[in-house]
1. Which of the residues spanning segment 118-141 are within 12 Å of Cys87 (Cβ to Cβ) and in a loop (DSSP other than H, G, I, E, B)?
2. Take the residues in segment 118-161 that are among the hydroxyl-bearing types (Ser, Thr, Tyr) and either within 16 Å of Arg78 (Cα to Cα) or in contact (Cβ under 8 Å) with a residue 60 or more places away in the chain (or both), then tell me which one is surrounded by the most Cβ atoms within 10 Å (Cβ to Cβ).
3. Among the residues of segment 83-90, are any within 17 Å of Ile147 (Cβ to Cβ), without any contact (Cβ under 8 Å) to a residue 60 or more places away in the chain and charged (D, E, K, R)?
4. Would you point out the residue of segment 95-112, among those that are in contact (Cβ under 8 Å) with a residue 12 or more places away in the chain and of a type in the set (A, V, I, L, M, F, W, C), that is surrounded by the fewest Cβ atoms within 10 Å (Cβ to Cβ)?
5. Considering (1) surrounded by fewer than 24 Cβ atoms within 10 Å (Cβ to Cβ); (2) touching a residue at least 40 places away in the same chain (Cβ under 8 Å), say which one His57 fails and leave the rest.
6. Hey, among the residues in segment 41-57 that are small (Gly, Ala, Ser) and more than 15 Å from the chain's Cα centre (by Cα), which one's nearest to Pro102 (Cα to Cα)?
7. As an exercise: evaluate Asp115 against (1) surrounded by fewer than 17 Cβ atoms within 10 Å (Cβ to Cβ); (2) touching a strand residue (DSSP E or B) at 6+ places or on another chain (Cβ under 9 Å); (3) modelled with pLDDT under 95; (4) in a loop (DSSP other than H, G, I, E, B) and give the number of the one condition it does not meet.
8. Return the residues of segment 60-88 that are touching a Phe, Trp or Tyr at 6+ places or on another chain (Cβ under 7 Å), of a type outside the set (D, E, K, R) and buried (at least 20 other Cβ atoms within 10 Å of the Cβ); say none if nothing qualifies.
Amino acid sequence: MRPSQSIFALVVSATLGVGGAEAQERLPTTGPYYLMGVTDQAVTFVAGGTVTKSGDHASVTVIAGSSRDKFIATGFGRVDMLYEFNCPRGLMRTPLLMGYSPDDLRMAAHEDPGDWQAITPNTPASRAMAFACEGTVAPGSELPDTIDAVIQMYQLHLDGQ
């Protein structure tokens, strides 16, 4: 399942009040935080202290902080996603997503290992894979020390401040 499909599933689970990860604890979100991508809809960054490796596989928590417009459309202030990578094959999947309100209340969770998918080059997913698999971070990608500060900085950027 691609991340965009997974986020759609999360929105549906929140709307319908269902989800496979009801008892699931929060994903770890330990920093430092590194920027993976920015659009007018979301800022995407990795929680650098969450990388785990086992053989050819690596995983990391990726956080998408919503723009105000995206929050109005979905109700989520942010979505925490577990990205798993098959490093040598350049594949990924997103087995777990958790959506939170701006007040940090969990609104929905969706758990589905899904199929392994190819990663498009030069995307937030490809940068997250480089970080998780190789420890590669783009120069200047360091972000503030808290998730709230990252999202606030992003929203101020959108506001032109």
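1. Correct list: Ile119, Gly135, Thr136.
2. Among those that are among the hydroxyl-bearing types (Ser, Thr, Tyr) and either within 16 Å of Arg78 (Cα to Cα) or in contact (Cβ under 8 Å) with a residue 60 or more places away in the chain (or both), it is Tyr154.
3. no
4. Looking at residues that are in contact (Cβ under 8 Å) with a residue 12 or more places away in the chain and of a type in the set (A, V, I, L, M, F, W, C), I get Met107.
5. Tallying (1) surrounded by fewer than 24 Cβ atoms within 10 Å (Cβ to Cβ); (2) touching a residue at least 40 places away in the same chain (Cβ under 8 Å), His57 fails exactly one: (2).
6. Only one residue fits best here, namely Ser54.
7. For Asp115, the exception is condition (3).
8. Within segment 60-88, Val60, Val62, Ile63, Gly65, Ser66, Phe76, Gly77 meet the criteria.
The values are calculated or read from the model by the stated rules, or taken from the named source; none is laboratory data. The shown structure was predicted, so the numbers you read here are calculated from the model rather than taken from an experiment. With ideal geometry, Cβ positions are generated from the backbone for all residues, glycine too; neighbour counts draw on all protein chains shown.
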